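Novice: Got a structure for you, written out below as structure tokens; questions coming shortly.
Please treat every number below as a calculation from the coordinates, not as lab data. Everything numeric in this text was worked out from a predicted model, so none of it was measured. Note that we place each Cβ from the backbone using ideal geometry, even for glycine, and neighbour counts take in every protein chain shown.
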Amino acid sequence: MLHRPSAHESERRIWARLRFAALLATVAAFYAVCLHVSQVSVSRLAEGLPRLMNWIARGWPPDFSGLEELLLRAGETVAIATIGTTFGALIAAPLCILAARNVTPGMWMFHPARWLLNALRGVDGFIFALIFVAAVGLGPFAGVLGVMLHTAGSIAKLWSEAIEGAEPGPLEAAAMSGAGRAKVVLFALLPDVRPALSSITLYMWEFNVRASTVLGVVGAGGIGQELKNSVDLLAFDRVFAILIIILAMVTLIDAVSQALRRRLL
Amino acid sequence: MSDVLRAQRLSKRFGGAPALVNASLTLDRGDFAVILGPSGSGKTTLFRCLTRLTEPDSGEIYVAGEPLHGLRGAALKRARRRIGVVFQQFNLIKRRTALENALMGALGRTPPWRVALGRFSRADVEAAEAALAAVGLQDKMRQRADTLSGGEQQRVAIARALTQKSAVLIADEPVASLDPASAEQVLTLMTDLRNARGMTVLCTLHQPHLARAYASRLFVMRQGRLSEAPVGSMETAAEAPARSLSL
């Protein structure tokens, strides 16, 4: 190694500090622009707060009349998330193999697969649902399609990352038995990554139940539809009841999902 | 030609640095060849080039007279069935049983639908069971690989190679991750299999005393250059008294 003169060393330190200062200034400027663009206003919040308090006060006691209908709608949300996650996972299964560096058949498949899953993941299920409502009409089916496409991208991305993290050794051992890619994946890779893949899928299901509560706002079914109707009617006791149901539902699904995930590990 | 494994002038560079320089060797049936060399000398590179897990820059490889170099796709897969491998880190599928790991040796000759359903042929299951019995693990066939000790795992890896019914067994530092007693056990097992079945074994090691004890032929690797050294007065595996398995 060459011995560096100390003058050179201190010069480098000054440059490093300047770079850091420039970075701080850039971040600060970015925040300033964002605050301005998003119209953050403390005074408007202060004005709105009493109105909000008034609504909350009018929300008590919650109006659980027609509970059966509300529960049915909550069940619809769970159903949308469940079917959407399942179909999404089915689409993700071949995609994640193509998009995992260590098992992809080649870069000519890898890059298009990555683009596709990034596109699917980049568009929220809510936006997909908005489009599908226009295509297949109002109702939970549009929600299922929306959840499915977004989930396919998300699961494929997470699965391919889990696959890339798999130990290469057993895959090489399988390849040395003369097995091709399909057999290596089936026999040596899947048992290794199955717990991780299942855990990801359950997590996405849980996430989709939460995300699907808003699908009703665009007319894609579920409890969100009831929520929107009630907000539109300023029926705050009703809104309160629906929020309680959503919380209970999400808590229940989270608990089920977490219990299942714990058993996988 | 009677040679089981022949490598001619294998070379490999990593980013300009030569890792393997014109390595040549010819093994006959029944040879227990040891490649001795310090870590970083190129033993693993040679192992990976011989199995084509790493592509050599140049050189030729023949297994049982058939070329392995230059093969691709289905031909490469078929040719690889003739090479049984044992890795330093065992490379078992941790969440599968010892029997399933031994069955991995039959993966190459099993159609994908059978693999997908986990229905290996009766003959292959019997071969895997026999292989596990041959390495002394008949009582642990249903045990998950990650619950076995290091020595047991390496014996499962050897059973995997036996199920494969390969012409040659290539082992890369098979005992480097094992305690001394397990190391002796594994090398003794490999010697027994070579004696009993006329298997050809190529094994890299970094401990001279183990090389002395087990090699019938000795190669030395230094800075990517391979040369054969006379076993000479060395006590070879064939002459060595049977080693106790109950160390």
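Novice: Which residue, A:Gly88, A:Gly146, A:Gly106, tops the fluctuation ranking in a GNM of chain A built on C-alpha contacts under 10 Å?
Specialist: A:Gly106
Novice: Taking the Cα centre of the protein assembly as shown as the origin and placing charges on Cβ (Lys, Arg +1; Asp, Glu -1), which of B:Gly224, A:Ile244, A:Tyr203 is farthest toward the positive end of the dipole?
Specialist: B:Gly224
Novice: Please get the size of the charge dipole for the range A:105-214, origin at its Cα centre, with Cβ charges of +1 on Lys and Arg and -1 on Asp and Glu, quoted in debye to the nearest 20.
Specialist: With only Lys, Arg, Asp and Glu charged at Cβ, the dipole is about 220 debye.
Novice: Return the calculated 222 nm mean residue ellipticity for chain B, to the nearest 500 deg cm²/dmol, obtained by summing -39500 (n - 2.57) across DSSP H runs with n ≥ 4 and dividing by the residue count.
Specialist: Mean residue ellipticity at 222 nm (helix-derived): -9500 deg cm²/dmol.
Novice: Further question on the same structure: Please list, by residue number, every one of the trypsin sites (Lys or Arg not before Pro) in the range B:128-221 that is coil in DSSP and has at most 10 other beta-carbon atoms within 10 Å.
Specialist: B:Arg142
Novice: Work from the charge dipole of chain B (Cβ charges, +1 for Lys and Arg, -1 for Asp and Glu, about the Cα centre) and give the residue of B:Gly118, B:Ala157, B:Gly37 farthest towards its positive end.
Specialist: Of the listed residues, the answer is B:Gly118.
Novice: So which residue, out of B:Leu71, B:Leu103, B:Leu137, gets the largest mean-square fluctuation from a GNM of chain B using Cα contacts under 10 Å as springs?
Specialist: With Cα springs under 10 Å in chain B, the top fluctuation among B:Leu71, B:Leu103, B:Leu137 is at B:Leu71.
Novice: Could you work out the longest stretch of chain B that avoids the GluC sites (Glu not before Pro) located in DSSP loops with at most 16 other Cβ atoms within 10 Å?
Specialist: Longest run free of exposed loop sites: B:1-234.
Novice: Hey, another quick one. In sequence order, what are the phi-derived ³J(HN,Hα) couplings for the range A:203-220 according to the Karplus relation 6.51 cos²θ - 1.76 cosθ + 1.60 with θ = phi - 60°, rounded to whole Hz, with x for glycine and proline?
Specialist: 4, 5, 4, 4, 4, 5, 4, 5, 5, 6, 5, 9, 4, x, 4, 9, x, 9
Novice: Give a quick list of trypsin sites (Lys or Arg not before Pro) in the range B:38-108 that DSSP marks as loop, anything other than H, G, I, E or B, with at most 11 other Cβ atoms within 10 Å.
Specialist: B:Arg72
Novice: List B:Ser149, A:Ser230, A:Ser6 from most exposed to least, where exposure is judged by having the fewest other Cβ atoms within 10 Å.
Specialist: Arranged by neighbour count, lowest to highest, B:Ser149, A:Ser230, A:Ser6 become A:Ser6, B:Ser149, A:Ser230.
Novice: Top mean-square fluctuation among B:Thr51, B:Thr188, B:Thr147, Gaussian network model of chain B, C-alpha springs under 10 Å?
Specialist: Checking each option, the largest mean-square fluctuation is seen for B:Thr147.
Novice: Using just the alpha carbons, could you tell me how many Å³ per residue the convex hull of the protein assembly as shown encloses?
Specialist: Looking at the protein assembly as shown, the number lands at 240 Å³ per residue.
Novice: Something else now. So what are the ³J(HN,Hα) numbers for the range B:61-72, from phi and the Karplus equation (6.51, -1.76, 1.60; θ = phi - 60°), rounded to whole Hz, Gly and Pro as x?
Specialist: Coupling constants for the range B:61-72: 10, 10, 10, 6, x, 9, x, 10, 5, x, 6, 9 Hz.
Novice: Would you kindly compute the Cα radius of gyration of the range A:44-161 and its largest Cα-Cα separation (Dmax), both in Å?
Specialist: 20.3, 62
Novice: Another one. Find which of A:Gln39, A:Gln258, A:Ile83 sits farthest along the positive direction of the dipole of chain A, computed with +1 on the beta-carbon of Lys and Arg, -1 on that of Asp and Glu, about the Cα centre.
Specialist: Towards the positive end, the residue furthest out is A:Gln39.
Novice: Roughly how big is the range A:1-131's charge dipole about its Cα centre, with Cβ charges of +1 (Lys, Arg) and -1 (Asp, Glu), in debye to the nearest 20?
Specialist: Computed charge dipole of the range A:1-131: roughly 840 debye.
Novice: Using a/c under 1.5 as the rounded threshold, could you call chain A rounded, prolate or oblate? The axes a ≥ b ≥ c are square roots of the C-alpha gyration tensor eigenvalues, and prolate needs a/b larger than b/c, oblate otherwise.
Specialist: oblate
Novice: Just the number, please: Stokes-Einstein D of the range A:121-186 in µm²/s, Kirkwood Rh from C-alpha pairs, 37 °C, 0.692 mPa s.
Specialist: For the chosen part, D equals 231 µm²/s.
Novice: Here is the link list: A:Lys157/A:Lys183; A:Lys183/B:Lys77; B:Lys77/B:Lys165; B:Lys12/B:Lys43. Which ones come out longer than 19 Å on Cα distance?
Specialist: Beyond 19 Å: A:Lys157/A:Lys183.
Novice: About its Cα centre, what dipole magnitude does chain B give when the only charges are +1 on Lys and Arg Cβ and -1 on Asp and Glu Cβ, stated in debye to the nearest 20?
Specialist: About 940 debye.
Novice: Which shape class applies to chain B: rounded if a/c is under 1.5, otherwise prolate when a/b exceeds b/c and oblate if not, where a ≥ b ≥ c are the square roots of the Cα gyration tensor eigenvalues?
Specialist: oblate
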